[in-house]
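Step one of this worksheet: look at the structure below.
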Amino acid sequence: MSTDQTQRGLVAALGRWDLTALVVNTVIGGGIFGLPMLVTVLLGASSPLGYLIAAAGIGVIVLCFAEVSAQFRSAGGPYLYAREAFGPFVGLQVGWVTWLMRVSAAGASANLFVMYLGAIWAPARTTEVHWVVITALFALLAVINIRGVHQGAAASNLFAAAKLVPLLIFVGVGAFFIREGTFASWSLVGHGGWFQAVLLLIFAYGGFDNAMFPASEMRDPRRDAPFALLVGMGIVTVVYLLIQIVFQGTVAAGTAAGRSLATAAGHFMGTPGAWLLAVGAMVSVWGWFAATMLGTPRLTFALGERGDFPKFFSAVHSRFHTPYISILFYAGLGWALALSGNFEWNASLSVVARLLTYGVTCGALLVFRRRDPEAQVFRVPGRYLIPGLGIAFCIVLLTRMNQLDFLILAATILLATLTWLWSRRRVAAS
């Protein structure tokens, strides 16, 4: 197991709070601004319980990630875990499906950012401004991250704090306007869609694995990675739960539209509150970009480092000590996908990719425990219980995927297999 390997030329600059901010940033995106309404329609007054059930389910996965991530000092995250546990072929499958999901999500999120901007600034709805905003979005963060991991982490930290401010104001002010009668008005709304609601929430909690990609640039992954995962996801859970309670206590059933938080804020803070949440949504999406621009390029860097992608992906800038080719490639492809504007398939790919990544990582934990039962790292209690529950949880959810989901998964696996055959032939030829 490559626990002591570090990639040459990179700078170990990420501390535990940088990683915690990265976890928060990659989980809390623009979705939370519309999520409360979707969940409440399914579960009615029981919606807060749905958040807790989903948090417990994702918590099992997070515990597995905490123990596995503590054993690696090399970039790559779940791709590296799968490769070390099950070999290059499985590792490449996980790497490909994770990377494609991240790139497509970047394109979709860029359009979401412009949509929120257009709600408060009409020129953003025009094609020309749309292109300019998306180009500036990718270009600015690419430049920041190429110039150094310190700069990338600083941007992520800033956005993590900035996105929490409007959400905490919403919760803090809204708590004084919660009415029992308003909360009770939702009691007959839910349709009993527990599985659908929990599935929706599971993926609202997803994305934390992105924070584990830059392990080579962590100061002490053995201690800091578990800390960031557990504390970061704890913060997310508390914020999500409080937001849901305030929404249900301030917005009566039948009076909310798709923009859940903006509607609620308008009820108890008026127009300024609605604007605050609209701007907050933009900051939240941009914060997600800042985090994913820091984390995801380290995946293609790791793929290139191990020969599973062309070698130039592992190039490190001589001055800034960052994987600049991988950063540019991620930004460029995400920009192209954003301008194409057709990302309906991204939701299905995200579901499949996360389940595959999470399930394989839980399986990898079983392998690593058998190989080195005395490893001096963060340990999850219950020898095989937690990883077993994690695997079972992912399998159950995978059985609920539709035909399109599996077609996307099959196409991704085929692409990964072709890449694996190419890499093996290249190694044999050399």
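Scanning the stretch 123-134 for residues that are within 30 Å of ALA12 (Cβ to Cβ) and either part of a helix (DSSP H, G or I) or modelled with pLDDT of 90 or more (or both) turns up nothing.
Residue by residue through the stretch 269-326, note down the ones that are among the β-branched types (Val, Ile, Thr) and modelled with pLDDT of 90 or more. Across the stretch 269-326, the qualifying residues are VAL283, THR292, THR296, THR300, VAL316, THR322, ILE325.
Counting only helices (runs of 4 or more DSSP H) that sit wholly inside the stretch 140-215, those with at least 2 residues that are touching a residue at least 60 places away in the same chain (Cβ under 8 Å) and within 30 Å of TYR358 (Cα to Cα) are 149-174, 194-204.
Outside any loop (DSSP other than H, G, I, E, B), modelled with pLDDT under 90, under 22 Å from the mean Cα position of the chain (by Cα) and among the aliphatic types (A, V, I, L, M): is that true of LEU349 in this structure? Spelling it out, LEU349 is indeed outside any loop (DSSP other than H, G, I, E, B), modelled with pLDDT under 90, under 22 Å from the mean Cα position of the chain (by Cα) and among the aliphatic types (A, V, I, L, M).
Across the stretch 217-252, what is the total count of residues that are part of a helix (DSSP H, G or I) and either among the aliphatic types (A, V, I, L, M) or under 29 Å from SER74 (Cβ atoms) (or both)? Residues in the stretch 217-252 being part of a helix (DSSP H, G or I) and either among the aliphatic types (A, V, I, L, M) or under 29 Å from SER74 (Cβ atoms) (or both): 24 in total. Among the residues of the stretch 382-395, the ones that are in a helix (DSSP H, G or I) and more than 21 Å from the chain's Cα centre (by Cα) come to 5 in all. Screening the candidates ALA204, ALA264 for the property of being among the small types (Gly, Ala, Ser), closer than 22 Å to LEU49 by Cα, surrounded by fewer than 22 Cβ atoms within 10 Å (Cβ to Cβ) and in contact with a helix residue (DSSP H, G or I) (Cβ under 8 Å, 6 or more places away or on another chain) yields one hit, ALA204. Here HIS317 fulfils each of the conditions (1) surrounded by fewer than 23 Cβ atoms within 10 Å (Cβ to Cβ); (2) part of a helix (DSSP H, G or I) apart from (2).
Put simply, of PHE208, PHE213, PHE289, PHE227 the only residue that is in contact with a Lys or Arg (Cβ under 6 Å, 6 or more places away or on another chain) and within 26 Å of LEU140 (Cβ to Cβ) is PHE213.
Against the numbered list (1) assigned to a loop (DSSP other than H, G, I, E, B); (2) under 23 Å from the mean Cα position of the chain (by Cα); (3) modelled with pLDDT of 85 or more, GLY258 comes up short only at (3).
Among the listed residues ALA56, ALA45, which satisfies the condition of being in contact with a Gly (Cβ under 8 Å, 6 or more places away or on another chain), of a type outside the set (Val, Ile, Thr) and surrounded by fewer than 21 Cβ atoms within 10 Å (Cβ to Cβ)? After ruling out the rest, the residue left standing is ALA45. Look at (1) touching a Lys or Arg at 6+ places or on another chain (Cβ under 9 Å); (2) outside any loop (DSSP other than H, G, I, E, B); (3) closer than 24 Å to MET293 by Cα and you find that ALA12 fails only one, number (2). Of the candidates VAL246, VAL251, VAL285, VAL316, the single residue that is touching a residue at least 24 places away in the same chain (Cβ under 8 Å) and within 18 Å of the chain's Cα centre (by Cα) is VAL285.
Looking only at the stretch 111-122, decide whether some residue is among the hydroxyl-bearing types (Ser, Thr, Tyr) and either farther than 16 Å from THR419 by Cβ or free of Cβ contacts under 8 Å to residues at least 60 places away in the same chain (or both). Within the stretch 111-122 (the criterion being among the hydroxyl-bearing types (Ser, Thr, Tyr) and either farther than 16 Å from THR419 by Cβ or free of Cβ contacts under 8 Å to residues at least 60 places away in the same chain (or both)), the answer is yes, since at least one residue qualifies. Restricted to the stretch 15-105, the set of helices (runs of 4 or more DSSP H) holding at least 2 residues that are under 14 Å from LEU241 (Cα atoms) comprises 35-43, 47-69.
Taking the stated definitions as given, is THR296 in contact with a Lys or Arg (Cβ under 8 Å, 6 or more places away or on another chain) and of a type in the set (Ser, Thr, Tyr)? Yes; evaluated as a whole, the condition is true for this residue. Within the stretch 36-85, the set of residues being farther than 18 Å from THR98 by Cα and either without any contact (Cβ under 8 Å) to a residue 40 or more places away in the chain or of a type in the set (S, T, N, Q) (or both) comprises THR40, SER46, SER47, LEU49, ALA56, GLN71. Just for the stretch 159-183: of the residues that are of a type in the set (A, V, I, L, M) and surrounded by 15 or more Cβ atoms within 10 Å (Cβ to Cβ), which one is nearest to PRO323 (Cα to Cα)? Step by step, filter the stretch 159-183, then rank; the result is ALA160.
The values are calculated or read from the model by the stated rules, or taken from the named source; none is laboratory data. All values reported here derive from a predicted model rather than from experimental measurement. In this analysis, Cβ positions are derived from the backbone assuming ideal geometry, glycine residues included, and neighbour counts consider all displayed protein chains.
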